[in-house]
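Trainee: The structure follows.
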Amino acid sequence: MIIVDQSKQNPSEIQPSEITSQSVYSNRRHFIKLAASSGLITSAALLSLKAKAANIAGSGSTSRTTLSARTNTPQSTKSLKKDAIYNPRQKLEGVIKSGYGRDLKIDTYDNITTYNNYYEFGTDKSNPVVQARTFQPNPWTISIEGEVKKPKTMSIEALMKLTTLEERIYRMRCVEGWSMVIPWVGLPLASLIKWAEPTGNAKYVEFVTANDPDSMPGVNAPILDWPYTEGLRIDEAMHPLTLIAVGLYGELLPNQNGAPARLVVPWKYGFKGGKSIVKIRFVEKMPQTTWMQAGPTEYGFFANVNPKVSHPRWSQSTERPIGGGLFGGRIKTKMFNGYESEVGQLYAGMDLRKYF
Amino acid sequence: MRKQTIVVIKIIIWLLALVPVSRLFWLGFNHNLGANPVEFVEHSTGIWALVFLLISLTMTPIRLITGQVWQIQVRRLLGLWMFFYASLHILAYVWLDFNFLFDEMVNDVFEHPRILVGFTAFILTIPLAATSNQYMMRQLKSKWKTLHQLVYLIAIFVVVHFLLLVKKDLTEPFYYAAVLLLLFGIRVLFKLKKKMVMNKAQK
């Protein structure tokens, strides 16, 4: 069951964007006609189950074909529209296209921004798009601490000007067994690290994320040990694939996706990508991460995508690509999420069963 | 209670029980099942199977508390709706989630306690559904009651199945676990009461 919190919205303020679009309206009309003719509304529904299943099969395949088109205008869900009211989408200027993932089929803006694991805004994946509406990602600074020549802070504006922003289309594999293809906009973490000037003692990088009880309802519950922290080994952090994302679909990063800046490590499970980063700390010893603390037998420090190492709850050998609809099926999960040729050498000689 | 009242109650149960499945079809047609429609269908059918299981387990406590007996006449109907939603849940898993990939499913069942517990629960409901008719009741006589006490084990398995699914926030499955404990508690309480009365009578 999905419960959308509408308490924060004044029902008298109906925005033009909230009015049902023509296509949704006509779809509904079509369905009402169809339902009436096949007797769904009457108790004969059970008898027509077979016919319905066939109909759904048909519509499922249409949705798959429309997904291949890149939509910049989302076929909005109610909650998404609400989000748009508070956070007008803003295009990012001067973004260059990179070669990464040009051949991949990108997920819709709608799916990427309404299906989020961001526990600070609620534990249901439909929560963040609604709960993060009032979150303020600007002004924002990230403080650099620990094993650096001298501690300093960086504003989000300065971060975005540090180097040319580029679009990178990456696969994202969640530990829960689903995956997406996401067009991030960001900069290599390596350029931020070079600016931060770590000392020779910096063996690991720790990322501390926002923990604001006023705008993040989730942190009031002791579900995880807040603030959410993540970590990388310094060579992982310096790897050219590792990204600090500040945008999505050529626009500023939406709140529910981790605005204003988040980590993206495409060969690791999605939870490694800390959102709304406030602190980057360079340390000598391997830091404890939030999920390691929450479930040491389930979540390791490395959390590399690995179809051969099973998780106690979810199969890791296959995954469900989001956007496939009801009948899209599963695909085989690739080692390091398909980035093995780029990152495999980082783990040469390591027992990946032990260091999961 | 009059026979007509029972019929009315049964019709109401039928209509209400058809709502969740109709809603799924409605949302499915409108592409409104969210980014992960398979997960949505699995979750929804699972929840409704559990709800019907708990409602059917509420009938005996109502009888114990109120002393009325009509509830027992709708218990089978509720149990069969539980079986209906449990079957849809399994169908969603086998078809939508795994697309009949037998090897993958076998691995999933045996590698993950969550799936094993849930699958076992479903297997156990099959004999109960199959023996729910009058004919089988007459055939099995006193064994019927013993067999149908399996429902308690099934209920425990289903709640454990739900608890194991959740990554960290256990709130939702805890609500269902609490209801189940309450229903068990009432039964135990009345059993103890009965025992005490019997003991007194013997003296």
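The values are calculated or read from the model by the stated rules, or taken from the named source; none is laboratory data. Keep in mind the model is a prediction, meaning the values are calculated, not measured. Cβ: placed from backbone, ideal geometry, glycine included. Neighbour counts: every protein chain shown. Heads up: the accessible areas ignore ligands, DNA and RNA and are worked out on the full protein's heavy atoms, side chains in. Shrake-Rupley method; radii C 1.70, N 1.55, O 1.52, S 1.80 Å.
Trainee: Looking at A:298, A:340, A:284, which one is surrounded by fewer than 21 Cβ atoms within 10 Å (Cβ to Cβ) and within 29 Å of residue A:150 (Cβ to Cβ)? Talk me through it step by step, then tell me what you get.
Mentor: Details: A:298 fails: within 29 Å of residue A:150 (Cβ to Cβ); A:340 fails: within 29 Å of residue A:150 (Cβ to Cβ).
Just one listed residue meets the conditions, A:284.
Trainee: Determine whether residue B:164 is under 14 Å from residue B:75 (Cβ atoms) and in contact with a helix residue (DSSP H, G or I) (Cβ under 8 Å, 6 or more places away or on another chain). If you could, list the steps in order and put the result at the bottom.
Mentor: Details: under 14 Å from residue B:75 (Cβ atoms): no; in contact with a helix residue (DSSP H, G or I) (Cβ under 8 Å, 6 or more places away or on another chain): yes.
No, not satisfied.
Trainee: Now, a different point. Is it the case that some residue within the stretch A:197-204 is open to solvent by less than 30 Å² (accessible area, probe 1.4 Å), in the same structural domain as residue A:275 (by TED's automatic domain parsing) and over 30 Å from residue A:330 (Cα atoms)? Break it down into steps so the answer makes sense when it comes.
Mentor: Pass one, the stretch A:197-204, residues open to solvent by less than 30 Å² (accessible area, probe 1.4 Å): A:202.
Going one step further and asking which of them are in the same structural domain as residue A:275 (by TED's automatic domain parsing), we end up with A:202.
Cutting the leftovers down to over 30 Å from residue A:330 (Cα atoms) gives us A:202.
Scanning the stretch A:197-204 turns up at least one residue that is open to solvent by less than 30 Å² (accessible area, probe 1.4 Å), in the same structural domain as residue A:275 (by TED's automatic domain parsing) and over 30 Å from residue A:330 (Cα atoms).
Trainee: Does any residue in the stretch B:122-147 that is open to solvent by less than 70 Å² (accessible area, probe 1.4 Å) come within less than 7 Å, Cβ to Cβ, of a residue that is among the β-branched types (Val, Ile, Thr) six or more places away or on a different chain, and which pairs are these?
Mentor: Taking only residues 6 or more apart or on different chains, the pairs are B:122/B:90; B:124/B:154; B:125/B:154; B:128/B:151; B:140/B:131; B:144/B:131; B:147/B:131.
Trainee: Kindly establish whether residue A:312 is within 14 Å of chain B (Cβ to nearest Cβ), within 18 Å of the chain's Cα centre (by Cα) and open to solvent by 40 Å² or more (accessible area, probe 1.4 Å). Show your work before the answer.
Mentor: Numbers: within 14 Å of chain B (Cβ to nearest Cβ): yes; within 18 Å of the chain's Cα centre (by Cα): no; open to solvent by 40 Å² or more (accessible area, probe 1.4 Å): yes.
Answer is no for this residue.
Trainee: Now for a separate question. Need at least 2 residues that are modelled with pLDDT of 90 or more, within 14 Å of chain A (Cβ to nearest Cβ) and touching a Lys or Arg at 6+ places or on another chain (Cβ under 7 Å) per element, so show me which helices (runs of 4 or more DSSP H) inside the stretch B:48-143 make the cut, counting only ones lying wholly within it.
Mentor: Numbers: elements: B:72-91, B:102-111, B:113-130, B:134-140.
Ranges flagged: none.
Trainee: With the requirement that a residue be surrounded by 14 or more Cβ atoms within 10 Å (Cβ to Cβ), free of Cβ contacts under 8 Å to residues at least 24 places away in the same chain, part of a helix (DSSP H, G or I) and among the hydrophobic types (A, V, I, L, M, F, W, C), what does the stretch B:148-180 give you?
Mentor: B:163, B:174, B:177
Trainee: Give me the pairs: first residue in the stretch A:321-338 and closer than 12 Å to residue A:177 by Cβ, second residue modelled with pLDDT of 95 or more and among the β-branched types (Val, Ile, Thr), beta-carbon distance under 7 Å, and six or more apart or on different chains, which are they?
Mentor: Sorted first by the residue in the stretch A:321-338, then by its partner, the pairs are A:333/A:305.
Trainee: Conditions: (1) at positive phi; (2) crowded, with 20+ Cβ neighbours inside 10 Å. Residue A:144 meets all but one. Number of the miss?
Mentor: Every condition holds for residue A:144 apart from (1).
Trainee: A further question on this structure: Mind listing whichever residues of the stretch A:214-251 are within 14 Å of chain B (Cβ to nearest Cβ) and not in a loop (DSSP other than H, G, I, E, B)? Break it down into steps so the answer makes sense when it comes.
Mentor: Initial filter on the stretch A:214-251 (within 14 Å of chain B (Cβ to nearest Cβ)): A:217-226, A:228.
Hits for the stretch A:214-251 are A:217, A:218, A:219, A:220.
Okay, residues lined up against (1) part of a helix (DSSP H, G or I); (2) within 7 Å of chain A (Cβ to nearest Cβ); (3) touching a residue at least 24 places away in the same chain (Cβ under 8 Å); (4) within 21 Å of residue B:71 (Cβ to Cβ):
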position	(1), (2), (3), (4)
B:8	yes, no, no, yes
B:16	yes, no, no, yes
B:23	yes, no, no, no
B:32	no, no, no, no
B:45	yes, no, yes, no
